[in-house]
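Here the structure comes first, spelled out in structure tokens, and everything after it is commentary.
The values are calculated or read from the model by the stated rules, or taken from the named source; none is laboratory data. As the structure is a prediction and not an experimental result, all values here were calculated from the model. Positions of Cβ are generated from backbone atoms using ideal geometry, with glycine treated the same way; all protein chains shown enter the neighbour counts.
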2 protein chains.
Amino acid sequence: MPAKTKPSRRYRQFTQRRLEILRSAADAFARHGFTGATMEEIAETVNMAKGNLYYYFPSKQALLFFCQEQSLGRLLEQADATAKSAVPADEQLRAMIVAHVNTILREIYGSTAHTDFRSLPETQLKQVIKKRDRYEKAYRTVIERGIKDGIFRSCNVKASVWAILGALNWTAQWFSPAGSISVDELGNQFADFFIHALVQKGK
Amino acid sequence: MPAKTKPSRRYRQFTQRRLEILRSAADAFARHGFTGATMEEIAETVNMAKGNLYYYFPSKQALLFFCQEQSLGRLLEQADATAKSAVPADEQLRAMIVAHVNTILREIYGSTAHTDFRSLPETQLKQVIKKRDRYEKAYRTVIERGIKDGIFRSCNVKASVWAILGALNWTAQWFSPAGSISVDELGNQFADFFIHALVQKGK
């Protein structure tokens, strides 16, 4: 964060510029993958001097961490909003799944954040894992509520959440907008499948 | 492949040596992740001159491709064997899920193969995707058979397979042998969950 005075406005502008750079860099990632794209190629794609790019992102890890922060921030916001809605647990779970798929596949920072996040330096990795844990907990809470309300069967809640989030996160690896299924359809198909995995038999 | 005469024996030895190197390199990957580990660090960890390492793996991409080949070969072998077994579709699916989790989390090439495979050069990526498609098809076949036999409900088979394989592949990102669940338990919990997602309601 480069600002000392008026930090909040400057910081918003800084973040905005970083998002713009990321948007322009998408081509370089599409060609080489996040791992394969060098800072040189990113600078070239976004039409910036390399030194200028380094001001916004001192390294590819900084770029990856920024994507993680944006992506997890958005996911947590959505989960918090859903938790406040007064709808049954299965509908809440559907809303969370559809929102997650949309964030990963439609937001520019989404799929980048879901590549190899383990390559982050330890302090940043810890922050990311802490947020991921909070997000996982939001899923466990909604499933536990569904069990309590008799909508969902009693099951291994932790393993269920690992299965659901794994499937959602992995979409960043294979989904193509040119493919046979749209983002919304995929979100709803996944929601159907996972709700079916959780509902009481005979219901 | 360095051999011109007796290719099969020499090739087996070459592959064997590559697996040994990979096993020794596991420490470097554990410390830095596959993306973060440099060829220098790998050479140091396996106690080899860098030039010697390059003879076996000319690049990190060569190493990644080798892991993919080993891992997908093993998965396809297991799927073929399961397809030949005369058990109901839900039991076949369980066997495939348990075998997949074991290959990813127990074999040295497993989790490495399930990192960022998109960074492979195009010709290699095509080979990998072709095998992945074949493997996906094995899952679709067993689910379609289950539907035909009235064990599974009729559903979107493609999306179901994406969900299942996504969850399984993502385990490489988070599983730790020091964690709260063993590889076998995880495989069986996932199998329970996914079979539940597919079975007819009321059964």
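List of remarks:
- Of all residues in segment B:68-90, at least one satisfies being crowded, with 21+ Cβ neighbours inside 10 Å and in contact with a Ser or Thr (Cβ under 8 Å, 6 or more places away or on another chain).
- Number of positions in segment B:32-71 that are at pLDDT 90 or above and closer than 23 Å to B:Arg118 by Cα: 4
- Residues in segment A:165-174 that are more than 8 Å from chain B (Cβ to nearest Cβ) and more than 14 Å from the chain's Cα centre (by Cα): none.
- Qualifying residue in segment A:57-69 (condition: hydroxyl-bearing (Ser, Thr, Tyr) and either in contact with a strand residue (DSSP E or B) (Cβ under 8 Å, 6 or more places away or on another chain) or under 25 Å from A:Arg132 (Cα atoms) (or both)): yes
- Flag if A:Leu125 is over 18 Å from A:Thr103 (Cα atoms), at pLDDT below 95 and within 10 Å of another protein chain (Cβ to nearest Cβ): yes
- Test: residue in segment B:87-108 that is under 21 Å from B:Tyr11 (Cβ atoms), at pLDDT below 90, out of contact with any strand residue (DSSP E or B) (no Cβ under 6 Å at 6 or more places or on another chain) and assigned by TED's automatic domain parsing to the domain that holds B:Leu186: yes
- For segment B:133-176, a residue qualifies if it is closer than 30 Å to A:Val128 by Cα and either surrounded by fewer than 16 Cβ atoms within 10 Å (Cβ to Cβ) or not aliphatic (A, V, I, L, M) (or both), and the qualifying residues are B:Ser160, B:Trp162, B:Gly166, B:Asn169, B:Trp170, B:Thr171, B:Gln173, B:Trp174, B:Phe175, B:Ser176.
- When A:Ile181 is tested against (1) surrounded by 21 or more Cβ atoms within 10 Å (Cβ to Cβ); (2) within 20 Å of the chain's Cα centre (by Cα); (3) within 8 Å of chain B (Cβ to nearest Cβ), only condition (1) is not met.
- Looking at A:Val142, A:Val157, just one residue is assigned by TED's automatic domain parsing to the domain that holds A:Gln78 and within 24 Å of B:Val101 (Cα to Cα), and that residue is A:Val157.
- Filter result (assigned to a loop (DSSP other than H, G, I, E, B) and more than 7 Å from chain A (Cβ to nearest Cβ)) within segment B:185-201: B:Gln200
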